[in-house]
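Reviewing the structure listed below.
The values are calculated or read from the model by the stated rules, or taken from the named source; none is laboratory data. Quantities reported herein were computed from a predicted structural model and do not represent experimental measurements. As a convention, Cβ positions derive from the backbone with ideal geometry for all residues, glycine included, and neighbour counts pool all protein chains shown. Surface areas here come from the heavy atoms of the whole protein model, side chains and all, with no ligands, DNA or RNA. Shrake-Rupley method; radii C 1.70, N 1.55, O 1.52, S 1.80 Å.
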2 protein chains.
Amino acid sequence: MAWEEVLAQNGYRVTAPRRAILLVLQGATQPLTPEEILAQARQLHPSLGLVTVYRTLDVLNALELVRCAHRDRACHGFLPATQGHHHVIICQKCHRAVEFPGDEDLEGLFRRIEEQTGYRVCDHLLQLAGLCPACQKEEAIEPYPLEEKI
Amino acid sequence: MAWEEVLAQNGYRVTAPRRAILLVLQGATQPLTPEEILAQARQLHPSLGLVTVYRTLDVLNALELVRCAHRDRACHGFLPATQGHHHVIICQKCHRAVEFPGDEDLEGLFRRIEEQTGYRVCDHLLQLAGLCPACQKEEAIEPYPLEEKI
DNA sequence: CCCTTTTTGAAAAATATTTTCAGTAACATC
DNA sequence: GATGTTACTGAAAATATTTTTCAAAAAGGG
Ligand SMILES: [Mn+2]
Ligand SMILES: [Mn+2]
Ligand SMILES: [Zn+2]
Ligand SMILES: [Zn+2]
């Protein structure tokens with residue numbers, strides 16, 4: 001289904017500023033920042049404002065028409081690092097993080113991607129989110145409090 | 001090797017502000033933002049400034065004493081999304097990105113992590129970096145231009 | 001058309017990060 | 001232990017990024 005239809009069918013209005021942003025993103029072959037989107041979309045709709053780009057990205061993201069990619073330096077949290085190559089899994093509730101080593105399980109994936117895409121895999125960003133043991137227990141007893149709310 | 005030694009052996013000075021930041025990070029069990037680090041480290045060294053936190057994080061990162069974790073909403077680039085769950089690989093040279101589907105290869109890893117850490121894996125962030133076919137070719141012929149430079 | 005509601009862009013506010021710079025402190029050398 | 005060099009520091013300002021506010025404009029159903 002065309003993006004404009006998706007907007008319309010979900011109760012969003014199809015406006016000129018949005019059409020400009022849609023066209024830019026539909027043609028994108030690399031991750032574009034809001035500023036980059038603005039610059040390109042202004043060629044189609046000169047009065048476009050950066051705010052509208054942000055707002056439209058929120059909408060497109062919610063409708064799963066775009067996906068976002070983290071840029072290299074966009075780091076917002078720091079952890080002590082165990083020597084060597086590791087990744088982290090962070091608890092979605094309490095934010096406690098633990099590292100885990102090793103990429104053996106990923107090598108197969110990397111080789112497959114190289115065959116499928118023709119890219120050479122040089123680096124990767126892998127980070128898991130989940131529930132730590134403690135928070136899993138809390139979640140398990142969550143049903144009970146419902147009785148109290150009645 | 002202790003962190004202070006690593007600093008010293010790499011020509012960095014061991015200062016009171018840095019020691020405060022080190023202590024905070026060494027004890028961290030979740031990813032801390034520069035502001036969070038500042039707040040905690042000021043209990044040890046009240047005159048500490050946020051700038052020093054940023055600068056010390058750069059140093060610790062370069063020495064691989066800390067690792068950084070991306071936070072949920074820290075998205076800085078957007079791409080059109082193919083329907084369904086995908087990941088992207090981005091060319092380190094030209095930034096061209098392509099998607100790839102599927103997590104079959106990751107399921108084994110996830111189950112292993114769950115056993116090893118006790119965490120339940122709910123979500124994940126996987127993004128690859130590499131060289132696209134075109135940039136691989138350019139890289140291959142890179143040696144030649146050296147002759148011209150002589 | 002008309003009406004209601006959403007959407008828009010400017011401006012301001014709120015956040016986040018980097019640069020500048022003069023004063024301070026680390027530490028190698030004596 | 002004093003000294004000199006140089007790295008390091010924090011305040012302030014600059015820059016960059018994202019969100020909020022608000023009055024005007026536009027979408028689209030009736
Ligand atoms: Mn890895
Ligand atoms: Mn996946
Ligand atoms: Zn938890
Ligand atoms: Zn490329």
Residue among B:F78, B:F110 that is modelled with pLDDT under 85 and aromatic (F, W, Y): B:F78
Residue list for region B:51-62, filter: open to solvent by 50 Å² or more (accessible area, probe 1.4 Å), away from chain A (no Cβ under 12 Å) and not basic (K, R): B:V51
Subset of region B:63-75 [among the aliphatic types (A, V, I, L, M), modelled with pLDDT under 85 and either outside any strand (DSSP E or B) or open to solvent by 40 Å² or more (accessible area, probe 1.4 Å) (or both)]: B:A74
Residue check, A:V88 surrounded by 16 or more Cβ atoms within 10 Å (Cβ to Cβ), out of contact with any Cys (no Cβ under 9 Å at 6 or more places or on another chain), modelled with pLDDT under 85 and at the interface with another protein chain (Cβ under 10 Å from one of its Cβ atoms): yes
Test: residue in region B:125-137 that is more than 13 Å from ligand 4 (Cβ to nearest atom), open to solvent by 70 Å² or more (accessible area, probe 1.4 Å) and at pLDDT 80 or above: no
Some residue of region A:6-29 being small (G, A, S) and either under 19 Å from the mean Cα position of the chain (by Cα) or closer than 18 Å to B:V88 by Cβ (or both): yes
Complete set of residues in region B:91-124 that are within 26 Å of A:A28 (Cα to Cα), within 7 Å of chain A (Cβ to nearest Cβ) and small (G, A, S): B:A97
Test set (1) farther than 20 Å from A:R96 by Cβ; (2) out of contact with any His (no Cβ under 8 Å at 6 or more places or on another chain) - B:P17 fails condition number: (2)
Near pairs, Cβ below 6 angstrom, 6+ apart or cross-chain, from region B:85-109 (within 16 Å of B:C132 (Cβ to Cβ)) to any residue that is crowded, with 17+ Cβ neighbours inside 10 Å and hydroxyl-bearing (S, T, Y): B:I89/A:Y119; B:V98/A:T117
Boolean, A:A2 is open to solvent by 30 Å² or more (accessible area, probe 1.4 Å), at pLDDT 95 or above and assigned by TED's automatic domain parsing to the domain that holds A:L65: no
